[in-house]
Amino acid sequence: MQVARFLAEAFTTVISIKGNLMMDIRESLFCECCGEVAVTEHISDMPFEYGDGQDRAVLTVRVPVMSCSACGMEYTDERAERIRHDAVCEHLGLLTSEEVRAIRSVVDQTLKEFSEITSIGTASLTRWENGQVLQSAAYDKYLRLLRFKPNLDWLKQNQSERAAARVGTEDVEVKFRAIKVDTLLQARACAFSL
């Protein structure tokens, strides 16, 4: 079994051209279902449903599909999932995961730096960049504004000004308004029961 897996991984990718379509075909991959070395990969149009009720839409994407000639199993992998995710983003008018990642990389900032400046959580940014979840329409608009350097520069300056204003305030005692407990209030509290 290990020899078969090694051989399956050792095969090279063959690129063939049919018309204007480039197809990535990998010969003899290992089948996760039956264990045979009989899987080929091809590109296929695959429709899928997105949404519910009146918002339901059928989207069609071109994805890599693996087919086992031994057991007949067909399946897709994470590449197809990414393609479907991007199709949903396009359908909804949202930035794709690659476009979200590009915004941060253009400004040359780490995830943590970008998060601190924009006040977007690192977990959310990671999920958007990896295509695990869709950003809301509001965050999508915010991210689109961050494509423009003056907007990001303003956020950086604003963050610097807030940090400067906080310097020296660590020792300032903050007082909160409190309820003054008198004997009447104390008697009411003692008499109260559920």
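Just so you know, all these numbers are worked out from the coordinates, no wet-lab data involved. All figures in this text were calculated on a predicted structure; none of them were measured in a lab. Virtual Cβ from ideal backbone geometry, glycine too; neighbours counted across all protein chains shown.
Along the range 113-125 the Karplus relation, 6.51 cos²θ - 1.76 cosθ + 1.60 evaluated at θ = phi - 60°, assigns HN-Hα couplings of 4, 4, 5, 5, 6, 8, 6, 9, x, 5, 5, 5, 4 Hz to successive residues, with x for each Gly and Pro. Based on the Cβ-Cβ distance from Thr60 to Leu111, what FRET efficiency comes out when R0 is 30 Å, to the nearest 0.05? With R0 = 30 Å, the Cβ-Cβ based efficiency is 0.35.
Each part reduced to its alpha carbon centroid, the range 103-134 and the range 50-88 end up 26 Å apart. The packing ranking of peptides 35-44, 131-140, highest mean first, is 35-44, 131-140, where packing means the average number of other beta carbon atoms within 10 angstrom of each residue. Distances between placed amide hydrogens fall under 5 Å for Ser44 paired with Val63, Val65, all partners being 5 or more residues away or on another chain. Using the Cβ-Cβ distance between Ser124 and Met46 with R0 set to 22 Å, the FRET efficiency from 1/(1 + (r/R0)^6) comes to roughly 0.15.
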